[in-house]
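Chemist: Here's a structure for you.
The values are calculated or read from the model by the stated rules, or taken from the named source; none is laboratory data. Computed from a prediction, not measured in an experiment: that's the story for all the values here. With ideal geometry, Cβ positions are generated from the backbone for all residues, glycine too; neighbour counts draw on all protein chains shown.
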């Protein structure tokens, strides 16, 4: 009887907690939309018209929804990498640098590889190359955090600036296509890129991204390795006393997170663009952070928030062109969401 009573009490507490979680998740989004709307009003733009264009292009038009789903592919890989890092109590803010280096190396290697091997094998090799390069780029922050206790927020941000600059140098000098006037890598032929889903423009990278984030969620919640990482994130001292190899796990976390960021860049290039131009930086790495936090680092919930972020991204670009709003206003909106979310967590 006492066990049944305990289970009933626990179940009731869980049910009572659901509205609170919804409020803490949806509240920051609504508040951010209101604040962003006030900013739009201040610059003379109708916020209802802006949000209407966002929904029209990002969600309700046939071509727009295909672009939204395609945009999700790299964001899902980045979200998966951030979930691994955040659950382990580590901040990998170097996603943009890792993303760009993965994109550039994939763009440079894929056109060469397709000439000497089957296209499917060439794409796999390009993915592996981009992943290894991104993992190597995260090694310095990982070692400094693991063995010297250096704050990884500072080191990963520094590596992002270096990675972005290095990617531009590689595009302009090392991997530049001599047959073009604009600095860019060689273009991968459309027929050699990731296949499309059915008769749409949606890249199959979406399926790969969904698989990546679901696998990460299952590993973090259902395996011994995931349990070790969560223990390290919850209480590093307890992890040391429990005999866990915290330095090794730290390096592993950075490697996995960075590898997924590199794959995000490869999927975006091999699946959509086919090349990388100089100074190209979509800044997905920092943009996806609010989606991961809003999802409470839950892989399945992150899929929904990545979809929302993609709608805002695709729709925001269209709305900006129509209403004369800067293209980066979507980043402003996402930043407001992150700030309001942090305030809500602090108050709670």
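Chemist: Would you say residue 303 is buried (at least 24 other Cβ atoms within 10 Å of the Cβ), at pLDDT 90 or above and out of contact with any strand residue (DSSP E or B) (no Cβ under 6 Å at 6 or more places or on another chain)? Lay out the reasoning, then the answer.
Modeler: On the way: buried (at least 24 other Cβ atoms within 10 Å of the Cβ): no; at pLDDT 90 or above: yes; out of contact with any strand residue (DSSP E or B) (no Cβ under 6 Å at 6 or more places or on another chain): yes.
So residue 303 does not fit the description; no.
Chemist: If residue 242 meets every condition in (1) more than 27 Å from residue 335 (Cα to Cα); (2) touching a residue at least 24 places away in the same chain (Cβ under 8 Å) apart from one, which number is that one?
Modeler: Unmet condition: (2).
Chemist: Also, I was wondering about something else. I'm told residue 269 meets every condition in (1) assigned to a helix (DSSP H, G or I); (2) within 13 Å of the chain's Cα centre (by Cα) except one. Can you identify the failing condition by its number?
Modeler: Going through the list (1) assigned to a helix (DSSP H, G or I); (2) within 13 Å of the chain's Cα centre (by Cα), residue 269 breaks only (2).
Chemist: Which of (1) under 30 Å from residue 188 (Cβ atoms); (2) in a helix (DSSP H, G or I); (3) modelled with pLDDT under 95 does residue 32 not meet, given it meets every other one?
Modeler: Going through (1) under 30 Å from residue 188 (Cβ atoms); (2) in a helix (DSSP H, G or I); (3) modelled with pLDDT under 95 one by one, residue 32 breaks only (1).
Chemist: Ok, one more. Please determine, by comparing only the residues of the range 235-256 that are more than 17 Å from residue 151 (Cα to Cα) and at pLDDT below 95, which one is surrounded by the fewest Cβ atoms within 10 Å (Cβ to Cβ).
Modeler: Here the residue is 243.
Chemist: Additional query: It is to be established whether one or more residues within the range 171-179 are more than 23 Å from residue 284 (Cα to Cα), in a helix (DSSP H, G or I) and out of contact with any strand residue (DSSP E or B) (no Cβ under 9 Å at 6 or more places or on another chain).
Modeler: Within the range 171-179, one or more residues are more than 23 Å from residue 284 (Cα to Cα), in a helix (DSSP H, G or I) and out of contact with any strand residue (DSSP E or B) (no Cβ under 9 Å at 6 or more places or on another chain).
Chemist: Does residue 341 satisfy the condition of being on the phi < 0 side of the Ramachandran plot and over 15 Å from the mean Cα position of the chain (by Cα)?
Modeler: Criteria met by residue 341.
Chemist: I would also like to ask the following. Conditions first: (1) surrounded by fewer than 24 Cβ atoms within 10 Å (Cβ to Cβ); (2) farther than 30 Å from residue 207 by Cα; (3) modelled with pLDDT of 95 or more. Residue 141 passes all but one, so which condition is the exception?
Modeler: Failing condition for residue 141: (1).
For every residue, the table says whether it meets (1) farther than 19 Å from residue 90 by Cβ; (2) crowded, with 17+ Cβ neighbours inside 10 Å; (3) in contact with a strand residue (DSSP E or B) (Cβ under 7 Å, 6 or more places away or on another chain).
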site: 283; (1), (2), (3): yes, no, no
site: 292; (1), (2), (3): no, yes, no
site: 316; (1), (2), (3): yes, yes, no
site: 322; (1), (2), (3): yes, no, no
site: 328; (1), (2), (3): yes, no, no
